[in-house]
């Protein structure tokens, strides 16, 4: 009887050891990133390519951040950042679209009026980012109420693992 208990105990310990060895390997089967990628968000129906290259469509709100690689958190220079939003009256239009490029150190800034509600949606700024060697990112920035500026880093995933 005692021998059977010892065998059962050894079997359970062996199974637990195998699980501990196997589970971490399963958890890392996907890409491993040093920086958390920026979550995707909906494109919305009002995206159009080829917005004017300009870093301002108004005044009162400053959006800034850094474009980075999820792989190693390195900055991404010359990433194309397209932004579109509603105007002060809550309607989308050409005046409220812009294209900017990240600087050599990955930083970017965009000046606009305070984002407005759109229907039942809270204020937001649409963003699409593209850079060589990275998957395109479509996301949205949701400014804090009554904030004059916001920090929003744009972390892209590599199009193929290095």
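None of the figures in this text is laboratory data; all of them are computed from the coordinates on show. Given the structure is predicted, the values throughout are model-derived calculations rather than measurements. As a convention, Cβ positions derive from the backbone with ideal geometry for all residues, glycine included, and neighbour counts pool all protein chains shown.
Just a few scattered comments:
- Within the stretch 61-156, the proportion of Cα pairs with more than 23 Å between them is 23 percent.
- Averaging 1/r over every pair of different alpha carbons in the stretch 60-109 and inverting the result gives a Kirkwood radius of 12.1 Å.
- Packing rank of 72-84, 42-54, where each peptide gets the mean count of other beta carbons within 10 Å, highest leading: 72-84, 42-54
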